[in-house]
1. Of the residues Q8, Q48, only one is modelled with pLDDT of 95 or more, under 30 Å from Y161 (Cβ atoms), open to solvent by 20 Å² or more (accessible area, probe 1.4 Å) and among the polar types (S, T, N, Q); which?
2. Test each condition in (1) open to solvent by less than 40 Å² (accessible area, probe 1.4 Å); (2) among the acidic types (D, E); (3) within 26 Å of G163 (Cβ to Cβ) for D80 and report the one that comes out false.
3. Mind checking which residues of region 108-140 are over 18 Å from P22 (Cβ atoms), touching a Phe, Trp or Tyr at 6+ places or on another chain (Cβ under 9 Å) and assigned to a helix (DSSP H, G or I)?
4. Residues of region 78-107 being among the hydrophobic types (A, V, I, L, M, F, W, C), over 12 Å from A226 (Cα atoms) and either touching a strand residue (DSSP E or B) at 6+ places or on another chain (Cβ under 8 Å) or free of Cβ contacts under 8 Å to residues at least 60 places away in the same chain (or both), which ones?
5. Restricting attention to region 225-242, report how many residues are buried (at least 21 other Cβ atoms within 10 Å of the Cβ) and assigned to a loop (DSSP other than H, G, I, E, B).
6. Quick test for you: out of E17, E116, pick the one residue that is surrounded by 19 or more Cβ atoms within 10 Å (Cβ to Cβ), at pLDDT 95 or above and within 26 Å of A214 (Cβ to Cβ).
7. In region 61-77, what residues are of a type in the set (D, E, K, R) and either open to solvent by less than 50 Å² (accessible area, probe 1.4 Å) or in contact (Cβ under 8 Å) with a residue 60 or more places away in the chain (or both)?
8. Looking at L183, is it in contact with a Gly (Cβ under 7 Å, 6 or more places away or on another chain), more than 24 Å from Y38 (Cβ to Cβ) and at pLDDT below 90?
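The values are calculated or read from the model by the stated rules, or taken from the named source; none is laboratory data. Given the structure is predicted, the values throughout are model-derived calculations rather than measurements. All Cβ positions, glycine included, derive from the backbone under ideal geometry; neighbour counts span all protein chains shown. These accessible areas exclude ligands, DNA and RNA; they are computed on the full protein's heavy atoms, side chains included. Shrake-Rupley method; radii C 1.70, N 1.55, O 1.52, S 1.80 Å.
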Amino acid sequence: MFSVMKAQEKGMVFIKEGSFVPLYGSISKNPVEVKSFYMDVYPVTNSQFLAFVKKNPSYRKSKIKGIFGDKSYLSYWTADLDFGNAKPNSPVTSVSWFAAKKYCECEGKRLATMDEWEYAAMADTKKIDARTKKEFNEYILSWYEKSKTYENEIGKTFKNYWGVYDMHGLVWEWTADFNSIFLSGESRKDKSNDKNLFCGGASVNATDLMDYAAFMRYAFRGSLKAQYSTRNLGFRCASTAKPKI
């Protein structure tokens, strides 16, 4: 059995099981149960993704198929194996969900589910759930107003209760089931799994800072399709089992 400390040496931390009421459950107030899992301490960087595309040529910017990555895929890289003026330790962005998923699989990991990500992200430096703290939500909202934070290096934001950095303040992040909520009556009838699932009416309940800060994340996720890539969207990996060292 691998210890939690060994997992940390691999760049992952243990997130203990728990429950919380997510924004989309605010009407029913039914808590979501989250089982214990492991999460990367930092988002994946340019240098890490470069190592990945060297081993997986089909995910290079000139090679990726359109169904797996749009025209913005790695758009700031100057060549297949050159991320240009971007910093090696800055988060890789302009990466599609397909590429993020493949990267995690090659690492023996996976993308975090939306509930796992939100559960880990609701912690500040001292509390597992800091969502009712005004200063915590003001910090998140102030980041939404800043530009080009994706140019910053990883690890420059606060380390939260679990030992995870950069959940807020650096980049948005892909989740495994990014488009699984805010279903409208019309989209439930639609058989396409690649449908835009965001329902704008859900913002009606976003009446305070806590709701609005979370709603912005759900709205952004709900506007995405799996082949999309944007300059402020990156990812990190998670794992159900203890990672092998």
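1. The unique qualifying residue is Q48.
2. The single condition D80 does not satisfy is (3).
3. Matches in region 108-140: Y139 only.
4. Once the filter is applied, which keeps residues that are among the hydrophobic types (A, V, I, L, M, F, W, C), over 12 Å from A226 (Cα atoms) and either touching a strand residue (DSSP E or B) at 6+ places or on another chain (Cβ under 8 Å) or free of Cβ contacts under 8 Å to residues at least 60 places away in the same chain (or both), region 78-107 yields A79, L81, F83, V92, C104, C106.
5. Total meeting the criteria: 3.
6. It is E116.
7. Matches in region 61-77: D70 only.
8. no
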